[in-house]
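Some notes on the structure that comes next.
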Amino acid sequence: MRSPVASLVLAPILAFVLVNPSLCRASGTEKEVPDAAGLQQLELQAQHAEAREQAYLYTELVQVYTQVAGKQMASGEMDKANATLQRIRRFAALIHENLARNAKRLKDAEMMLHTATYHLGQYMHMVSGEDQPAVASTLHDLDKVHDELLTQVFAH
């Protein structure tokens with residue numbers, strides 16, 4: 001059982017680590033978050049990619065938007081974070097739809113989705129109790145898609 005003092009010390013440290021991308025980049029799994037125009041370009045690229053590439057590109061979008069949602073949650077912008085979580089759920093559905101189309105780079109996509117689900121699980125501890133269901137719902141959707149990706153990876 002943690003003391004209240006330990007919780008007061010650990011919460012700001014956790015928030016700092018989660019929203020500071022330079023600390024995460026050391027693992028090589030985090031990417032620089034593009035601006036709004038860059039995000040729109042990534043979405044257009046995924047929409048117009050050949051069917052084999054779409055699952056991977058939508059997974060990249062999930063990873064980037066997970067970082068965006070984490071930053072929004074850390075700064076208390078829950079309305080924006082909830083909209084971003086909706087977008088992540090939509091991309092998770094698109095990944096699910098595109099997995100059956102002989103997806104390329106399945107292992108890379110699986111690793112990115114694993115990272116995104118891990119970070120989203122960590123972000124859930126940053127938000128208030130009333131905001132946790134939205135994060136939990138998104139995490140549930142991503143977990144289902146991650147399980148499907150793992151099945152596809154082991155099938156090949």
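Read the figures in this text as sums done on the coordinates, not as results from a lab. Quick caveat, the model's predicted, so the values are computed rather than measured. Reconstructed Cβ throughout: ideal geometry from the backbone, glycine too, with neighbour counts over all protein chains shown.
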* Asked: Stretch E43-E77 to full length: gain in nm at 0.36 nm per residue minus the Cα-Cα span?
  -> 10.0 nm
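For a quick check of your reading of the filter: which GluC sites (Glu not before Pro) in region 73-152 sit in a DSSP loop and have no more than 14 other Cβ atoms within 10 Å?
Answer in residue order: E77, E130.
When ranked by the protection proxy of mean other Cβ atoms within 10 Å per residue, highest first, what sequence do the peptides 54-67, 37-50, 81-94 form?
Most protected by this proxy first, the peptides run 54-67, 81-94, 37-50.
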